[in-house]
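One structure below.
The values are calculated or read from the model by the stated rules, or taken from the named source; none is laboratory data. None of these values were measured; they are calculated from a predicted model. Using ideal geometry, Cβ is built from the backbone for each residue, glycine included, and neighbour counts are taken over all protein chains shown. SASA here: full protein model, heavy atoms, side chains in, ligands and nucleic acids out. Shrake-Rupley method; radii C 1.70, N 1.55, O 1.52, S 1.80 Å.
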Amino acid sequence: MLGLALRWWRGSVACWWLPFFVAFTCLLVPFALRFPSDHPSTAAAFPLTVGMAAFALLSGLASRHQKRLVREFGTMLGALVAVLAGLRVDSVKVPFTTHFVSLGIFAVPLTVLWLWLFAALFRPTARLKGLTWSAAVLSGLTFALIVAIMQTRSPFITRYELALSLAFTAVGFGLALWNLPAEAGGAASIGALLAMASVAGALKNTAFLIFIAPALVLGVPMMEVTYRLRARGFALPTQVRSIFELLTAEGVDERRSFWLLTVSHAYLCLLAVLLVWLVEVHFAVKLLLMAIWLAVGVFAFWVAMRFSARKEGKGIVNLLGVPVAAVTMEEALDILEQFLSERRTHLVVTSDASAIVRAQEDEEFRRIVQNADLVTPDGIGVVWGARLLGLPVYQRVPGVELMAKLCERAAQKGWRVFLLGAKPGVAEKAAENLKSRFSGLQVVGTHHGYFSPEEEPQVIAKIKEAQPDILFVAFGIPKQEKWIARHADELQVPICIGVGGSFDVYAGVVKRAPEWVQRLCLEWLYRTIKDPKRLPRLKAIPKLLWLVIKESWLQSLGRSKVDHRL
């Protein structure tokens, strides 16, 4: 209710007075708690609530100061007040044993350090609109669930109700202030609530649960600090990029950054709950589980970050040594129209995953592709691969669609078209259907692709005699590109473009996937289901993705072998 009142009162800037609201809420805790009969009375718990209120207030107010020393000192002072009031971890259970070890004189400094760390780590969430509140909701619910799980196993442990109250208070503020901008003071106060919940709920549990589970619940703040430490390296640069600056540099906008970090936080919270659920499992097993879980999470975060990025940029990008044009369909058509005005032979490659992979293995094909006048991103594998490398390729330019669009523009501009390839009769049928579809289209010749080397001169002579402006070649990759490159000087056709199996589509031999399948970028799967013989060709997609991941890793280490001089 206080959170809703704060939202109504302060409107779009809800955090200025949040430390006072959080502190006031802490003072109400005695009225919500029901202690066991052997626990001190509610009145005796009043100093504890005053200490917690002081921590929430001091951490929030101090975190708004410009000087870091003041921020950290004020937060640590508030933590000390809460600890001296009775909120601390007195003992821990040693892993692999049933023995509890008293922290003795170290109980106060260790608990102060933990409370300060929690509040300080929560401050950066204020940099991204709404992230403080999503982190509060996820962290609070996770703490509540952890406490509930532990309470069923140790029902006589005190202060679980205190932990639940603090966790649900954080959840309440998070829900009430959802999607509002935050500032460091409000974020630190919420962090203080969660810090106190972690200490109250961890009493008498294992050291593993005291330190690991709450740290995982922090999620987003821990990611911030981890990245900062990694970015520092050993050089200790004066300016260290944060995780938020990294996302911005990668081209991830505010909305996508919010959901990316929120989902990542939820993923870590789920791991924390899982570790608590497996509390009786061997310590080494839990460490192995955590290592695997975090490794998968880091990889998934990297993939999601690259797929969420929207970098500005056009032109040619280097995808594993292949010069792919980062263009839309209309931009590709405009480039092709410019090629026609130059009246010399231009080789156009419609590259799918198999073409990129082939270029890594076939040196002749690699040279042809690198010297091509235009290489378009045909398949979804090419788009995925480019995005994983941080390249600004965001949409496909499928060869089958490019052929239709080019024929449409040819009908409007009066350009002459020649179809070469496919089985006997297919090119003729495709030409007939295209002329019916695009009124005025001039198809000046067709020929199948099953001719012998002895017949090749006659085929070339036929093309030259027809004098087309555009030559569509459907031999399949890489045969069509090699054939065009070998005879480019003889052909003297302004645009020579390999289109693979497009003739079969326009002849009606093969049916294209429904539009909704194309929008989902699953046309490759649809065609494979319709024609299982294509199954071996699918290995190119995972192979390309593996090459991309490997290249990205090598780039991060500065050991890439890809020649970026296209």
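This table checks each residue for (1) touching a helix residue (DSSP H, G or I) at 6+ places or on another chain (Cβ under 9 Å); (2) of a type in the set (S, T, Y); (3) more than 25 Å from L525 (Cα to Cα); (4) touching a residue at least 60 places away in the same chain (Cβ under 8 Å).
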| position | (1), (2), (3), (4) |
| --- | --- |
| G297 | yes, no, yes, no |
| A300 | yes, no, no, no |
| F307 | yes, no, no, yes |
| N318 | no, no, yes, yes |
| V327 | yes, no, no, yes |
| L336 | yes, no, yes, yes |
| L340 | yes, no, yes, yes |
| D352 | yes, no, no, yes |
| R358 | yes, no, no, yes |
Filter region 444-502 down to the residues that are in contact (Cβ under 8 Å) with a residue 24 or more places away in the chain and basic (K, R), then identify the one that is nearest to R358 (Cα to Cα). K482
Exactly one condition in (1) in contact with a Cys (Cβ under 9 Å, 6 or more places away or on another chain); (2) open to solvent by 30 Å² or more (accessible area, probe 1.4 Å) is not met by Q395; state its number. (1)
Among the listed residues L18, L48, L58, which satisfies the condition of being at pLDDT 80 or above, over 20 Å from A167 (Cβ atoms), of a type outside the set (G, A, S) and touching a Gly at 6+ places or on another chain (Cβ under 6 Å)? L58
Condition (residue is part of a loop (DSSP other than H, G, I, E, B) and either at pLDDT below 80 or of a type in the set (D, E, K, R) (or both)) applied to region 186-200: is it met by at least one residue? no
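Here is a yes/no grid of residues against (1) buried (at least 16 other Cβ atoms within 10 Å of the Cβ); (2) at pLDDT below 95; (3) touching a Leu at 6+ places or on another chain (Cβ under 9 Å):
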| position | (1), (2), (3) |
| --- | --- |
| A325 | yes, yes, yes |
| T328 | no, yes, no |
| A332 | yes, yes, yes |
| R343 | no, yes, no |
| V349 | yes, yes, yes |
| A353 | yes, yes, yes |
| E364 | no, yes, no |
| N371 | no, yes, yes |
Looking at K511, K539, which is the one that is modelled with pLDDT of 80 or more, surrounded by fewer than 19 Cβ atoms within 10 Å (Cβ to Cβ) and not in a loop (DSSP other than H, G, I, E, B)? K539
Which is part of a helix (DSSP H, G or I) and open to solvent by 30 Å² or more (accessible area, probe 1.4 Å), of I316, I292? I292
Within region 243-282, which residues are over 18 Å from the mean Cα position of the chain (by Cα) and at pLDDT below 80? V276, V279, E280, V281, H282
Report yes if V285 is farther than 27 Å from G399 by Cβ, more than 18 Å from the chain's Cα centre (by Cα) and surrounded by 15 or more Cβ atoms within 10 Å (Cβ to Cβ), otherwise no. no
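Each row is one residue, and each column tells you yes or no for (1) crowded, with 19+ Cβ neighbours inside 10 Å; (2) under 22 Å from G414 (Cβ atoms); (3) in contact with a helix residue (DSSP H, G or I) (Cβ under 7 Å, 6 or more places away or on another chain).
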| position | (1), (2), (3) |
| --- | --- |
| S439 | no, yes, yes |
| H448 | no, no, yes |
| I463 | yes, yes, yes |
| K482 | no, no, yes |
Test: residue in region 335-345 that is part of a loop (DSSP other than H, G, I, E, B) and within 22 Å of the chain's Cα centre (by Cα): no
